[in-house]
Amino acid sequence: MHSPVELPSLLVRAARTAPNRPALILPDQTLTYAELRQLAAGIASRWQAGGVPAGARLAMWVHDPQSLVLLLQACIAAGYVACPISTRLPATEALRLVQRISAAGLITDRSVETDTSPSLTIFSANTLLKGPVTGTIEFPESISESQPVSIIFTSGSTGEPKAALHSYGNHYYSALGAGENIPFGAGDRWLLSLPLYHVGGLAILFRAMLGDGAVVVPQDRHNLAAAIRAHRITHVSMVSTQLYRMLQDPQSVETLRGLKAILLGGSGMPRSLIEAAHEQGLAIHTSYGLTEMASQVTATPPGAALATLFTAGRLLPYRELKIHAHGEILVKGRTRFLGYVHDDRLHEPFDAEGWFATGDLGHWNAQGLLEVTGRKDNLFISGGENIQPEEIEQALLPFPGVLQAIVVPVPDAEFGQRPVAFVEMEDDEGLDEASMRVFLAGRLARFKIPIAFFPLPRELAQTGIKPGRRQLAALAEERMSKRR
């Protein structure tokens, strides 16, 4: 391991070298880097006056993305550990996660009951943003690369969400390596289309500060075409559903052609969708990343050929990746997280050489490009046969109208477990189980064909994050019990 180095505080550096450049473009105002630094200092002074010690963990359960992006910037620049919590969780679950990480304070824009944790200090997001400045605070010019700055909860797709602790260096080098593949600098604008409690959303803030670009917080995250046109967006992150729907509208396709980069996230991107985007001349990039590596690990370069876009691309700088003998993807490097937090303990799930076992399965192809084939812990056994859900999902994606497919196991008295598919369709009425079975019969062994097909719940389909398999497995079991 190398000795930690001091890295420039990105907000302080940008405020000094590019004070008048746009930093945050909100629906009702634009903040320059100088204004953002001043506002962040005011927020930090209110935490300081509230008795929050340096380096403390501050949980943020904030529904308004405009407020959250400002609070996160202030938290990181002031040396606190920012812990954004999913706003899709109910208050009781959010508070449980807050307690798990031993947060010193909770910032929220909603009313919460804290009877179970009376020592927890509650801060009003509105007061922090608009209250009187109670003192002065000077942000440091540099930050140690090893300094903890964020805790991001993993999606918990196969179990209890884990609290991944990242250092300043993790985010810094993630942005630096990503920028060497997809340039993002002065005059550029990245649309914040992903939630900030997801590492993909948080990564956008660091990329912007590193390159003196701007982050745009849209009024309506579900109307991307309008936001791209209104704010002259140059870069955007998308999931398959968003891209598919924009490709159906000629005006939206024209809008997408004006972008410098479209970063496609999430696994299981339909090949037909990549082909359609490539045919339209869109500047798309496919990638592979994970929370524990502070976002992207591999990505395709600008102008990649279609065959390359069907892969996850090449390794980005400051990352290392190797394939275990059994096919599991192992990673390490300067973007690798510090470990998982639980109470005041830090669990470091690394081997003696620092490698982290991702649980993802994949291989390098003949061209040196990464191909991700599934997850080790998603595999289940049905009647003595191994089933990898991702294989079934990939077989379903070419079916006409399918936007997304997720396969989960349900208990079965005879076979132990059987596969069930949740499918998001272009047309809500287009889910035809009989036709899907016939379609899959020519592509999969009989035991791999799902015994039922259900519509993917609308509230889970457009979050920007792949829905959790554990949640869908419980839903599948519930729905199958009603069929019996």
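The values are calculated or read from the model by the stated rules, or taken from the named source; none is laboratory data. Note that the coordinates shown come from a computational prediction; the quantities given were computed from them, not determined experimentally. A quick note on method: Cβ atoms are made from the backbone with ideal geometry, for glycine too, and the neighbour counts reach across all protein chains shown.
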What single numbered condition from (1) modelled with pLDDT of 90 or more; (2) in contact with a Pro (Cβ under 7 Å, 6 or more places away or on another chain); (3) part of a helix (DSSP H, G or I) fails to hold for residue 476?
(2)
Residues satisfying the stated conditions in region 308-351, i.e. small (Gly, Ala, Ser), in contact with a Leu (Cβ under 9 Å, 6 or more places away or on another chain) and more than 30 Å from residue 103 (Cβ to Cβ):
312, 313, 327
Among strands (runs of 3 or more DSSP E) entirely within region 1-104, at least 1 residues that are over 30 Å from residue 333 (Cβ atoms) occur in 22-25, 30-32, 57-61
List the residue pairs whose Cβ atoms are under 8 Å apart, where the first residue sits in region 393-422 and is at positive phi and of a type outside the set (A, V, I, L, M, F, W, C), the second is surrounded by fewer than 24 Cβ atoms within 10 Å (Cβ to Cβ) and in a strand (DSSP E or B), and the two are 6 or more positions apart or on different chains.
401/425; 416/381; 416/382
When you scan region 245-262, do you find a residue that is buried (at least 22 other Cβ atoms within 10 Å of the Cβ) and in contact (Cβ under 8 Å) with a residue 40 or more places away in the chain, even just one?
no
Considering region 356-386, residues that are hydrophobic (A, V, I, L, M, F, W, C) and surrounded by fewer than 18 Cβ atoms within 10 Å (Cβ to Cβ), and then whichever is nearest to residue 412 (Cα to Cα), we arrive at 381
For residues that are part of a helix (DSSP H, G or I) and in contact with a strand residue (DSSP E or B) (Cβ under 8 Å, 6 or more places away or on another chain), tally how many sit in region 423-436.
2
